[in-house]
1. Looking only at residues in the stretch 166-180 that are farther than 11 Å from Gln144 by Cα and assigned to a helix (DSSP H, G or I), which one is farthest from the chain's Cα centre (by Cα)?
2. Can you pull out every residue in the stretch 55-82 that is under 17 Å from Leu150 (Cβ atoms), crowded, with 19+ Cβ neighbours inside 10 Å and either of a type outside the set (Gly, Ala, Ser) or modelled with pLDDT under 85 (or both)?
3. Any residue at all in the stretch 107-128 that's farther than 18 Å from Ile158 by Cβ, modelled with pLDDT under 95, surrounded by 18 or more Cβ atoms within 10 Å (Cβ to Cβ) and not assigned by TED's automatic domain parsing to the domain that holds Met18?
4. Going through Leu165, Leu156 one at a time, which residue ends up being out of contact with any strand residue (DSSP E or B) (no Cβ under 6 Å at 6 or more places or on another chain), modelled with pLDDT of 95 or more and under 20 Å from Ser48 (Cβ atoms)?
5. If you go through the stretch 87-94 one residue at a time, do you hit one that is over 20 Å from Ala162 (Cα atoms) and either modelled with pLDDT of 95 or more or not assigned by TED's automatic domain parsing to the domain that holds Leu150 (or both)?
6. Kindly indicate whether Leu85 is crowded, with 18+ Cβ neighbours inside 10 Å and either more than 24 Å from Pro169 (Cβ to Cβ) or of a type in the set (D, E, K, R) (or both).
7. Is it the case that the stretch 64-72 has a residue that's assigned to a loop (DSSP other than H, G, I, E, B), touching a residue at least 40 places away in the same chain (Cβ under 8 Å) and not hydrophobic (A, V, I, L, M, F, W, C)?
8. For the stretch 155-165, give me the residue count where each residue is in a loop (DSSP other than H, G, I, E, B) and either of a type in the set (Val, Ile, Thr) or buried (at least 19 other Cβ atoms within 10 Å of the Cβ) (or both).
Amino acid sequence: MSLLPSRNYSDQAAAGLMLEVKKGNKQALGEFIWQNQERFYTIAYMGSGDADVATQLTIMAFKNAIAALRQLNPKQLQGAAWEWLAQFIVDACAEFHMQYSSPPPAASDTDPTADGSGQMDWETTVILGTQRVKRCLGTLPEEQQKVYLLRHTMGLSIDQVASVLNQHPDNVMAWLFRSRVQIVKCLGRG
């Protein structure tokens, strides 16, 4: 028996909570916001770099998610509650960038074989411990840290990370590969 609830249990609990929000249960609404506000704000802050903007983006994303939830049957999500919900903060960040940022830069020449990341066995590094990975993560350039955290901690897709950071997906993939390579090298040094 595992110590933590299974992903299916968590997704079922999220769908149940969203169903209660749809019914108008204010306590469920408060719990829904409480459970997701940190993730939303973190993504918004990484995308905007400004605390006030991140707050506004978080509020806008919650308003849009709750409005959309009223039109949706949460049981139709079938275990994809966070994937559905994450799109609202990603869309808010993308809208912010369309209004206030220059267009994303063109894709740079990204060849994963050039830095060795094309041959990485990433899963084996997890065995070495999360504390060591976190310490190594702190040594990375800022853009690589953001990409790594948005992808691996927040669970966003490459395209979603690109929208949040206003970058081309190829650049995001290159930064992600490079961050993995540098973390593996750092873990190797101990």
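1. The selected residue is Asp170.
2. Leu57, Thr58
3. yes
4. Sole residue among the options that is out of contact with any strand residue (DSSP E or B) (no Cβ under 6 Å at 6 or more places or on another chain), modelled with pLDDT of 95 or more and under 20 Å from Ser48 (Cβ atoms): Leu165.
5. no
6. no
7. Among the residues of the stretch 64-72, at least one is assigned to a loop (DSSP other than H, G, I, E, B), touching a residue at least 40 places away in the same chain (Cβ under 8 Å) and not hydrophobic (A, V, I, L, M, F, W, C), which makes the answer yes.
8. Adding up the residues that qualify gives 1.
The values are calculated or read from the model by the stated rules, or taken from the named source; none is laboratory data. Keep in mind that this is a model prediction, so the values were computed, not measured. Using ideal geometry, Cβ is built from the backbone for each residue, glycine included, and neighbour counts are taken over all protein chains shown.
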